[in-house]
Amino acid sequence: LKGPQRYGWFKNAMNHNFLLVYGTNGSAEENAWACNKARMDAEQWWYRGNGSVEIIADSEFQAAKYANRGVVLYGNADTNSAVGALVGNASVNLHEGSVKVGDKEVKADDLALLFTYPRKDSDYASVAVIGGTGIEGMRLTDRLGYFVSGASFPDFLLIGPEMLQQGTGGVRAAGYFGEDWSTSGGEVVWNENRQK
């Protein structure tokens, strides 16, 4: 359950000596994006937070070796093998070509998603997923300033490419998980103007 040890908000996954894990199971373009995005985020963390963070490939990730650490995953469940291992039971799922939030599924290849979820093998560490339904969606996350002081992100945020021109008008859905980390018990808002 949510509690003082782990309550959510996207950036709280970046606690507990977090590390960055990029996917290597996608297309060459998706794999290059994931590695470069992890490097860019590490450099931002160094510059803005005066800290260093470890970067590894999903093929190198071993849960026992990195026990009780926050983990940031780049890609989706199909391109990053650590997604299924760490948050496979999440009530928000990100795959190639689709996003599922609770019982609602959106199919497209240009959507971006950020979400946090408890690390299932830890009592207090969390996981953050930064990715998209395809390379276009993945690249949308490059514009999100989650390392900016004062920038706040909910438990999950789903955006489309119109975000680049319309700002918040490009938000497809956002919300907070319930106390049991479900969408059914939480607060989920859909932008009905953006439903396909």
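The values are calculated or read from the model by the stated rules, or taken from the named source; none is laboratory data. Everything numeric here is computed off the predicted structure, so don't read it as measured data. As a convention, Cβ positions derive from the backbone with ideal geometry for all residues, glycine included, and neighbour counts pool all protein chains shown. To get the accessible areas, we keep the full protein, side chains included, count just its heavy atoms, and leave off ligands, DNA and RNA. Shrake-Rupley method; radii C 1.70, N 1.55, O 1.52, S 1.80 Å.
Here are a few things to note about the model shown:
- Between Gly169, Gly160, Gly134, the Gaussian network model of the chain with springs among Cα atoms under 10 angstrom shows the greatest mean-square fluctuation at Gly169.
- Fully extending the segment from Arg48 to Ser98, taken as 0.36 nm per residue of separation minus the present Cα-Cα distance, adds 14.7 nm.
- Note on the chain: antiparallel DSSP beta bridges, both residues inside, total approximately 70 percent of the bridges counted.
- Placed amide H near Glu54: partners under 5 Å, 5+ positions off or other chain: Leu20
- Solvent-accessible heavy-atom area per residue, rounded to whole Å², over segment 1-125 at 1.4 Å: 47 Å²
- Values (i) 16.4; (ii) 19.3; (iii) 17.7 are given for comparison; Kirkwood radius over Cα pairs in Å, derived from the coordinates here, is the one labelled (i).
- Restraint check, Lys11/Lys120; Lys2/Lys100; Lys65/Lys104; Lys37/Lys65, Cα-Cα greater than 28 Å: Lys65/Lys104
- Packing order of peptides 9-17, 98-106, 60-68, highest average first: 9-17, 98-106, 60-68 (average count of other Cβ atoms within 10 Å over each peptide's residues).
- Within the accessible area of the chain, the carbon and sulfur atoms contribute 46%, probe 1.4 Å, all protein chains present.
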